[in-house]
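Asker: Pasting a structure below so you can have a look.
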Amino acid sequence: MDIDPTQPWGLAIDYAGRATLTESGHTVHVNVSDTSLSSIIGPDSISGTYSPVNVTAQFTETGEGGAVLRGTGRITIMPVGADPVVPDPTAVRRAVADALTDFAANAAAYVALCARWQPDDGAEDGGGTTPDPGTEPDPDTAAAPETAEGTAADTDPAANVDADAEADGGIEISTSTGTDGDSDPAMV
């Protein structure tokens, strides 16, 4: 990225701290803003220091089928002592470089995700895409497999009632909430 030495932040920004530039074929939106909630630039009334300044760079690229990839970068410039932040002409370049790096990482992650899935074979079983059997599921996100050693009480609510009834000395407790007239809520 070319830095304009005539501009305090290295590029011309508008009154709201916004600019647009083209870098590596991407249209990148840049925003320079302080982190205060006030519209007045001044020291914080409690801490006596000025707010940090964020320089953000972000862009999106869209592809076929509604695919969208983003790249974002942010550089935070802290004030020194009780002085306000001094414009840093390299901050925009660093934020744009971070956004391009983030975009490349997101693109690589998307390619890796797509490589795990095979296209729909057109079968009429309602299938869509299925995971590639040659890849292992992520152990951090994979659900624990169910064991075949479960009992009827584990899966059948009625079995739980009967098992509870046996444990309570043969007293059966009704858990029916039906409204068909056969069940009386007063008879528990």
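Values in this text are rule-based calculations from the coordinates and carry no lab data. All values reported here derive from a predicted model rather than from experimental measurement. With ideal geometry, Cβ positions are generated from the backbone for all residues, glycine too; neighbour counts draw on all protein chains shown.
Asker: With a Förster radius of 22 Å, plug the Cβ-Cβ distance of T6 and R94 into 1/(1 + (r/R0)^6) and report the FRET value to the nearest 0.05.
Answerer: 0.65
Asker: Another one. Determine the principal axes of the Cα atoms in region 17-56, then give the extent along each, sorted from largest to smallest and rounded to whole angstroms.
Answerer: 45, 14, 10
Asker: Let me ask another. Find the eigenvalues of the gyration tensor of the Cα atoms of region 1-104, then list the square roots of 5 times those eigenvalues as equivalent ellipsoid semi-axes, largest first, in whole angstrom.
Answerer: After diagonalising the Cα gyration tensor, the semi-axes are 29, 15, 11 Å.
Asker: Distance in nm between label sites at I41 and N106, each 7 Å beyond Cα in the beta-carbon direction?
Answerer: Simple spin-label model gives 3.0 nm for this pair.
Asker: Find, among the chymotrypsin sites (Phe, Trp or Tyr not before Pro) in region 10-73, those assigned to loop by DSSP (not H, G, I, E, B) with at most 13 other beta-carbon atoms within 10 angstrom.
Answerer: Y15
Asker: Convert each backbone phi in region 105-115 into a coupling constant with the Karplus relation 6.51 cos²θ - 1.76 cosθ + 1.60 (shift: θ = phi - 60°), then list the ³J(HN,Hα) values in order as whole Hz, x for Gly and Pro.
Answerer: 5, 5, 5, 5, 5, 5, 4, 5, 5, 5, 5
Asker: While we're looking at this one, here's another question. Quick one: Karplus J couplings for region 4-20, per residue in order, coefficients 6.51, -1.76, 1.60, θ = phi - 60°, nearest Hz, x for Gly and Pro?
Answerer: Using θ = phi - 60°, the values come out as 8, x, 7, 9, x, 9, x, 7, 6, 10, 7, 4, 9, x, 9, 7, 10 Hz.
Asker: Taking θ as phi - 60°, what are the ³J(HN,Hα) couplings along region 76-87 by the Karplus curve (6.51, -1.76, 1.60), each to the nearest whole Hz, with x for Gly and Pro?
Answerer: With coefficients 6.51, -1.76 and 1.60, one gets 10, 10, 8, x, 9, x, 9, 8, x, 5, 8, x Hz.
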